[in-house]
Every structure is written in structure tokens, then in C-alpha cells.
Amino acid sequence: RVSPLPNLDRNIRVGDSLLAESFENSSSFVASRSFGELRSRYSRATGPRKRSLGRMLDKAERQCAILALEVIARNAERDRRELLRLSRSMNLFGTRTGLASGEKATLAALRDQSKNARRNLRIAGGGGALPFSFATHFADTAAAGGFDMVIGNPPWVRTHNLDQGSRAELRRNYSVYRAAAWESGADSAAAGRGFSAQVDVASLFVERSVSLARADGCVGLVLPSKLWRSLAGGGVRALLQDKTALLEVEDLTDARQIFDAAVYPSIVLARRLGLGSPVGAPVSVTVHRKRSVERWSADPAALPFDETPGSPWVLLPSPVRAAFDAVVRAGIPFAHTAIGRPMLGVKSGCNEAFIVAPGTVECEMVRPLIRGEHMSQWRVAPSDERIIWTHDESGRPLRTLPLRTLARLTRFRHELEQRSDARHGARWWSLFRTEAADHSRPRVVWSDVARAPKAALLQQGDKSVAINSCYIARCRSLEDALTLTGLLNSQLVAAWLNCIAEPARGGYHRYLGWTMAILPLPVDWTHAIARIAPLAARAIDGIPPSSSELNGAVLEAYRLSEKDVAPLLEWASE
């Protein structure tokens, strides 16, 4: 009396979900009910009838694949002809318009697309194996407008690990790849907008999943939590905000590890928007903390840091978010102050070549080295490590090197010439981002990864070189540097930053350039100097203020009360 399971082999498929054709190229054949009826009959069939229906399904899939490939080829050839026609047309001055910037690449891509489609057509028409395609293998789903639900745990890996051909095709096909960066944050940190290499493949699966779901269909995915905070996650955040209604977000960054690898997972459930879809419903937010699990409902529009497209999500309960925003209103973004944008430390591209012990090379060719792990509050821990400094006082590479230094670096010449930052015509012994080592002004230095920011002051004339596990701010005066050092070492600033900084292993956070660039510094900077600089000067002289004393001065600098920020400090204390 128990009904047997249906035949699922025509429903469970193995294929490349990203490079496979989606539903966009579905043919008129797909619109008919034939494919769906065949699949339904096959799922219940047994014996000879099952084999017969299987052959009919094979034939239908091949016909569907051929029609879909013909659509792709025709569209590519049409677009290519139109582009060539426009390039050969005459402008008002009687000269050919020619191809604009980027159109040559588009023309080449269309040619390749047409060529590949025609090749696959020959294979399909000759009875060869069909490439996996949603439009082919789920033609009835395409006719219905998409899947009711898409679920998955896609791979978490940066796209630079893929081969060049796959990267080029994925970049053409996915908007979250082409427009990866949160542009506002990238501008604040002068980081540029070409974040393609840092895009996580999981972002592409989000876009594909949304495209495969029908209107009002649901998408549920296990994703890296960095997508909601990272600069390179701007594209996927914008896509979800524009094309879906968020239903649930669960951040498991601090939860008990359920994977063997050190990962920071999250779960997102969203409903694809269609014409007339209801919008504006609250989203359920869950954050797993070290000692508790917090759950609340929030307006989806209240999740982003600000109103700019792709803005990072700040997953905080309402009272904590109100305190977070109070600090924002009381300040000016770091990058927009007179101090200017934070700078990444000096980059060598081959630490093994440049970092040495004292006495290895000529003494005038080395400077004290600062790594991120050397940092502590107020001062840099002593270290015997030195970095070979191959530049003059203006930051230009030296024309020649002394004998011992040259001999040392020559051992690594091949590696130095292959560095990604190396430029044609530049000296092979060059260091990169050397402006961070300019000691003509006081500097504030902090490590890029820590549980809380650890900032130290480098006096004007201090030739210590902080490498790229640190960030640097060059200040106008000693008072500016003291005040900034005090702010970065305070509980309030650490609490604010840890709400938006990307997570790292063991409760650590990444205090990257863009994260620090949006940190609000007090509006009345003169008032802040008066309150904080004396305490920071004492600390550097070996008499650090108590945590409460420093925090009280910082609150006065922002003109905030303890009540204004109490929920934020309490949230950060766990």
C-alpha cells in the first residue's frame, strides 16, 4: 500500500551552475507543456514504459538545446553586426565613428559566443553529449517562470583562483562581478573600484540563484558573513536589496564552529520580487554571539550602514544601532578630516628578501621594522628586525645599491622582478607604497588585525617603517597625532569599529583602510584635542589613563553622554 518513490533521475542533475545557460535563452518549445508532461509521466513510469519515456525526454532535451543554442548564436551575430554597422557609420564630420573604448572587447566576446554556440550546435545535432543547461534540462521550469525555491551552500573562494577564461566569461555574465565594490567606501579609502579579483564565487551563486527563482520564489543560501561587510561585497548586497525582499539573515560568525575550516558562515533567506510583490515586510535577524543568541525584527532599509548602493549591513538590535548612529552623527568620516585617508604600510612583495637582522647589510641601508604583531596600545614593542630601505628621502628608488645590499637582494632578483606591483622600467629593488614611511610629520600606526585597535604614535623624524600588516595616518601636528592615538585606543571607538569591521579568526577584526576611512572623528577637533591629547601624552610617557578616564574624555570629545552609547558599549563587552 506504500507508493514507490518517483523516478528522480531526470530532476537531479550535475553541472556547472554558473557557466551553464540560464532561462534567458529558453526557446518557444519551452513554452509548451510537452516537456513538463513528459517529465511528470516519466516520474511515475516503470519498466519498458520508463525506458520509452526516457528516450522521448532525451529527444525533447536535445531539441530544446538546439533551439536555445540557435537563439544564442543568432543574438550574438545580430549584436555583432549592429556594433560593426555603428562603427562604420559616418559622423557629422564625414569620418567613421569607429569602436569606442571597450567595444573591441565586446566585439571579440560576441564573436566567441557565436563561435561556441555554433560548435555546440554541431555537437548537439550530431548526437553528442549535451552541456548542462537550465534552459535545456529544466525547460518546464523555465516555462513556469523559474523554480519555487533555490537552496545551496556554494563554494567560498575568490575568483582569482579560477582560470583566466572562466573569469572573463563570469565577468561578462554577472553584475556582482563587474560592479563588486561598494563605491562610496572605495572612494573614501581611495581604493579604486576594480575589486573583481576579491569577489567571492559565492556572490555569483547569489545572483544566479535569484535569476533562477520565479517571481515570489525563495532563495536560501549558506554564505560567508564577510559578504555583508566587505568592500568587495557591495555588488551582492545591492542585488539583494534591489531584486529581493529579505526574509531572514542569520550571522553565525561567533557561533560554535560547525565546519572543519576556520570560516564565518551566515544564512540568508530572500524572496524574489515580481510585479505586484509585497515589499517592506520586516526581516528576521539572528546573531550568534559568544555567550548568547540575539534575535529581532528589523526594517530591511535599516540594515545598511548608509543609503549608498551596496552599503555594508550593520546587524545590530535597534537600541545598539541607535547608539552606533549617534556616534556617526557626532563625527566626520576619518577620510574627510584634515588628517586625510589612512594609508597601508610599506609593501615589499618579498619580505624574505628585505627583512634582515642587524649587521646583515650596510647599517645606513636599514630602518627599524614594525609589523602588525609588534603593536600594542600607545607604543610599538621593541624588535631586532630591520627592513632594507632602497629609497632616497623623497621616496624614489636609489640608482645604485652598496655592495652588501646588492649582493643580498640579487639572491632574490627573480622573485623581485615577478612581483605583482612591479612596473616596467622601475628598479627591481623598489619597495611599494613608500609614502607611509615619510617621517617628516608625526604618524599614528595601528595593526590591521586585532581584537581592538592598537594604536601607537611615531614622532616626527622616527624612521621606523610599518609594513603592510599595519595602517598609517600622517598627521599635521603632534597634537593631532596624540588625539587620534587616544581615540583609536578607546573603548568607544573599538566598539563602533567592531560593529562594521570584517571578522577574523578568534574574535579578531580587520581594521582595513576603508573601514577606518568611514570612522567618525569628533566634529569639534579643537575640543577633542583639549580633552584627549593630554591623556595620550601621559600614556606615551608611561602613565596610561584608566579605561574609564579615557572613555570619559572621548565621550566629551564627541559631546555624547554615557546614556547615548551605553547599548553599544554593552554589546561590545560580550
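The values are calculated or read from the model by the stated rules, or taken from the named source; none is laboratory data. This one's a predicted model, so the numbers in the text were calculated from it and none came from an experiment. Reconstructed Cβ throughout: ideal geometry from the backbone, glycine too, with neighbour counts over all protein chains shown. These area figures cover heavy atoms from the full protein model, side chains too; ligands, DNA and RNA do not enter into them. Shrake-Rupley method; radii C 1.70, N 1.55, O 1.52, S 1.80 Å.
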- Matching residues in the range 522-553 - criterion: being in contact (Cβ under 8 Å) with a residue 60 or more places away in the chain, under 22 Å from Ile332 (Cβ atoms) and in contact with a strand residue (DSSP E or B) (Cβ under 8 Å, 6 or more places away or on another chain): Pro522, Val523, Ala536
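Which one is modelled with the lowest pLDDT, of the residues in the range 51-68 that are of a type outside the set (D, E, K, R) and more than 17 Å from Ser40 (Cβ to Cβ)? Outline the logic, then answer.
The initial filter retains those residues of the range 51-68 that are of a type outside the set (D, E, K, R), namely 52-54, 56-57, 60, 63-68.
Checking the rest, the ones that are also more than 17 Å from Ser40 (Cβ to Cβ) come to 63, 65-68.
Values: Gln63: 85, Ala65: 84, Ile66: 86, Leu67: 84, Ala68: 81.
Only one residue fits best here, namely Ala68.
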- Query: Quick check, is Thr253 open to solvent by less than 30 Å² (accessible area, probe 1.4 Å) and modelled with pLDDT of 95 or more?
  - Reply: no
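Table: residues versus (1) at pLDDT below 90; (2) farther than 22 Å from Gly15 by Cβ.
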residue	(1), (2)
Gly165	yes, no
Ser188	yes, yes
Ser209	no, no
Val219	no, no
Leu223	no, no
- Note on the structure: Per the filter on the range 351-374, residues within 25 Å of His414 (Cβ to Cβ) and surrounded by fewer than 16 Cβ atoms within 10 Å (Cβ to Cβ) are Asn351, Glu352, Ala357, Thr360, Glu362
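For the condition out of contact with any helix residue (DSSP H, G or I) (no Cβ under 7 Å at 6 or more places or on another chain) and on the phi > 0 side of the Ramachandran plot, what is the one hit in Gly359, Gly372? Reasoning before the result, please.
Values: Gly372 fails: on the phi > 0 side of the Ramachandran plot.
Just a single option satisfies the conditions, and that option is Gly359.
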- Message: Can you find a residue that is among the small types (Gly, Ala, Ser), modelled with pLDDT of 95 or more and out of contact with any Ser or Thr (no Cβ under 9 Å at 6 or more places or on another chain) anywhere in the range 467-476?
- Response: yes
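Within the range 299-325, can you find the residues that are more than 21 Å from the chain's Cα centre (by Cα) and surrounded by fewer than 19 Cβ atoms within 10 Å (Cβ to Cβ)?
Step one: filter the range 299-325 for residues more than 21 Å from the chain's Cα centre (by Cα), giving 299, 317-325.
Residues satisfying the conditions are Asp299, Pro317, Ser318, Pro319, Ala322, Asp325.
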- Task: May I ask you to verify whether Leu84 is under 42 Å from the mean Cα position of the chain (by Cα), buried (at least 16 other Cβ atoms within 10 Å of the Cβ) and at negative phi?
- Result: no
- Residues in the range 205-215: is at least one surrounded by fewer than 21 Cβ atoms within 10 Å (Cβ to Cβ), β-branched (Val, Ile, Thr) and in contact with a strand residue (DSSP E or B) (Cβ under 6 Å, 6 or more places away or on another chain)? no
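Here are some residues: Arg433, Arg419, Arg423, Arg451. Which one is without any contact (Cβ under 8 Å) to a residue 60 or more places away in the chain, in contact with a Gly (Cβ under 8 Å, 6 or more places away or on another chain) and open to solvent by 10 Å² or more (accessible area, probe 1.4 Å)? Explain how you work it out, then say what you get.
Numbers: Arg433 fails: without any contact (Cβ under 8 Å) to a residue 60 or more places away in the chain; Arg419 fails: without any contact (Cβ under 8 Å) to a residue 60 or more places away in the chain; Arg423 fails: in contact with a Gly (Cβ under 8 Å, 6 or more places away or on another chain).
Of Arg433, Arg419, Arg423, Arg451, the one residue that is without any contact (Cβ under 8 Å) to a residue 60 or more places away in the chain, in contact with a Gly (Cβ under 8 Å, 6 or more places away or on another chain) and open to solvent by 10 Å² or more (accessible area, probe 1.4 Å) is Arg451.
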- Quickly run through the range 406-435 and pick out the residues that are on the phi > 0 side of the Ramachandran plot and either within 30 Å of the chain's Cα centre (by Cα) or in a strand (DSSP E or B) (or both). Arg433
- Query: What are the residues in the range 220-243 that are under 21 Å from Gly276 (Cα atoms) and open to solvent by 10 Å² or more (accessible area, probe 1.4 Å), if any?
  - Reply: Ala238, Leu239, Gln241, Asp242, Lys243
- Query: Restricting to the range 368-394, what's the tally of residues that are over 31 Å from the mean Cα position of the chain (by Cα), assigned to a loop (DSSP other than H, G, I, E, B) and within 19 Å of Phe354 (Cβ to Cβ)?
  - Reply: 7
- Unmet requirement for Glu556, which otherwise passes all of (1) in contact with a His (Cβ under 9 Å, 6 or more places away or on another chain); (2) touching a residue at least 60 places away in the same chain (Cβ under 8 Å): (2)
- Only one of these conditions is not met by His509: (1) under 20 Å from Cys475 (Cα atoms); (2) touching a Pro at 6+ places or on another chain (Cβ under 9 Å); (3) not polar (S, T, N, Q). Which number is it? (1)
- Any idea which residue in the range 436-448 is nearest to the chain's Cα centre (by Cα), counting only those that are within 24 Å of Trp514 (Cα to Cα) and open to solvent by 50 Å² or more (accessible area, probe 1.4 Å)? Asp438
- Item | Residue in the range 375-384 that is open to solvent by 60 Å² or more (accessible area, probe 1.4 Å) and in contact (Cβ under 8 Å) with a residue 40 or more places away in the chain present | yes
- Query: Looking at the range 27-45, which of the residues that are open to solvent by 40 Å² or more (accessible area, probe 1.4 Å) and part of a loop (DSSP other than H, G, I, E, B) is modelled with the highest pLDDT?
  - Reply: Arg33
